[in-house]
Amino acid sequence: MSAHPKVECQQHGQQETTFVCQHIVEGLRQKRSVGFFWSREDDSPYPDAWCSECEERLSKTGGEWIGEAADKLGAKILCAKCYELAKALTFED
């Protein structure tokens, strides 16, 4: 099993790299849920994730990252711990 690439996070130090839409990053900054979706076919520990608005645009393209779905994605890098914090904003008890 190969190691995942690492990123240096100011808050969490060196962590695994994850990719999310720009809206999830903004939601994390504001500590609010914007939704958290990922492909159920991706069984990696940190599958690429996107928000509710991106999910709505993605559904209009038949699941393809094209047109407005791609244009508004704005993929960003998060460390694995920040990814988990963003995910928890949506799935808190």
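Values in this text are rule-based calculations from the coordinates and carry no lab data. If you're wondering where the values come from, they're calculated on a predicted model, not measured in any experiment. Quick reminder, even Gly has a Cβ in these numbers, built from the backbone with ideal geometry, and neighbours come from all protein chains shown.
Quick look at the numbers
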quantity: Filter result for the condition that a residue is more than 15 Å from the chain's Cα centre (by Cα) and of a type in the set (S, T, Y), over S39, S59; calculated: S59
quantity: Residues within the range 73-91 that are of a type in the set (F, W, Y), exposed (fewer than 15 other Cβ atoms within 10 Å of the Cβ) and within 12 Å of V25 (Cα to Cα), tallied; calculated: 0
quantity: Any hit, the range 23-42, residues being among the acidic types (D, E) and loosely packed, with under 12 Cβ neighbours inside 10 Å; calculated: yes
